[in-house]
1. Taking θ as phi - 60°, what are the ³J(HN,Hα) couplings along the stretch 201-217 by the Karplus curve (6.51, -1.76, 1.60), each to the nearest whole Hz, with x for Gly and Pro?
2. Of 308, 82, 175, whose Cα points farthest to the positive end of the dipole of the chain (charges on the beta-carbon: +1 Lys, Arg; -1 Asp, Glu; origin at the Cα centre)?
3. Return the percentage of antiparallel bridges among DSSP beta bridges fully within the chain, rounded to the nearest 5 %.
4. Under 5 Å between amide hydrogens, which residues at least 5 positions from residue 57 or on another chain qualify, with H placed 1.01 Å from N in the peptide plane?
5. Straight-line reach from residue 109: which lysines have a Cα under 18 Å away, not including same-chain ones fewer than 8 places off?
6. Taking Cα pairs under 8 Å and at least six residues apart, what relative contact order does the stretch 159-309 come out at, in percent?
7. Amide H neighbours of residue 125 under 5 Å, counting only residues 5+ apart in sequence or on other chains, H built in-plane at 1.01 Å?
8. Separation between the residue 309 and residue 146 pseudo-spin-labels, each 7 Å from Cα along Cα→Cβ, expressed in nm?
Amino acid sequence: MKLSEIGEFGLIKGIAMIADKGEGVVMGVGDDAAVLRPSAGKVLLVTTDCLIEGVHFKLEFTDFHSLGRKALAVNLSDIGGCGGIPTAFLVSLAIPPETDVASIRALYKGMMEQARTYGCSLVGGDTSSGERLMISITLIGEAEERNVVYRHGAKHGDRIFVTGTLGDSALGLKMLKNGVKEGGPVLRHLDPTPRVKEGGEIARRGLATAMIDISDGLIADLGHILEASDVGAQVHLPQLPLSSSYREYIQPYYKNPYLLALAGGEDYELLFTAPEERPEALKKLTEDLAIPITQIGEIVEASAGVSIVGPDGKEFIVEQRGHDHFKT
């Protein structure tokens, strides 16, 4: 069955049937506006992202269920990057009328599966026809005001850390473009894990002076912290955490394994800075979360800019420093 057969309101009715009404939702899908009840003493966090067919994803590479999971994951990652907890989200879609209804249901089921994992509710949105699929999600979260971690707090002498591993998603996309549809990097690209719990714990324990999620690439997102904090950075190439599957699959594509880890993007790991004197607290965090947290460099004076030190101790030059929608 096509969307052109059931119409917009038939689609909305079907969406309403799978939308859970979570705690704090007074009115969700089905009225002119959602009504939410914020937790006492919390501030609201709001983020939005859009995914456009042919720009952010290709349907030849992914199924609709995985696409739904990823669409919400990229927003969840932003809330995690501030140390917040997601609560509710709205979805707006532009859909070609000849799209199968089952495909759109699978898209929403993927979103709802992700939403239940992280405790947030679908509370509304909009639908329209379009020449190609576009998914726009607005996610609302909350946090104790004193616990919100911004980009602008990094200080000279702080150490730079990342969660998890780098480069997997960009390598996965490269593999998909070359006809390889399986392997750890491919899964990391199609179904990333947002570090919501990790960001919340980093914030709650007061460990980070600045934090951001890695969506555009390590160097690009580090640059956002440096600009906001008016500092520079030195990154040590051999310290970048690379997964075993990344090392296994990278060989046919790049002679230097660090290039995608520096500039690939869509890792959705957390990049944060922390004072030098917090090693024991960070070690305890790593143990409690059961994921690697790796020091990759340190914050220096702003005049030094960003330098990347290679294994030989010499500066490593990177021409491509991350994703920018409006630059080649």
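We did not get these values from a lab; they are worked out from the coordinates using the rules stated. Because the structure is a prediction, the values reported are computed rather than measured. Cβ: placed from backbone, ideal geometry, glycine included. Neighbour counts: every protein chain shown.
1. 6, 4, 5, 4, 8, x, 8, 9, 8, 8, 7, 7, 8, 8, 10, 8, x
2. With unit charges placed on the Cβ atoms, the residue in question is 175.
3. On the way: 41 of 54 bridges.
About 75 percent, rounded to the nearest 5.
4. 52
5. Counting by Cα, and skipping residues close in sequence, residue 109 has these lysines nearby: 2, 13, 21, 70.
6. Details: 277 pairs, mean separation 68.9, N = 151.
About 46 percent, as a whole number.
7. Here the answer is 91, since their amide H atoms fall under 5 Å of that of residue 125.
8. Distance between the two pseudo-spin positions: 3.7 nm.
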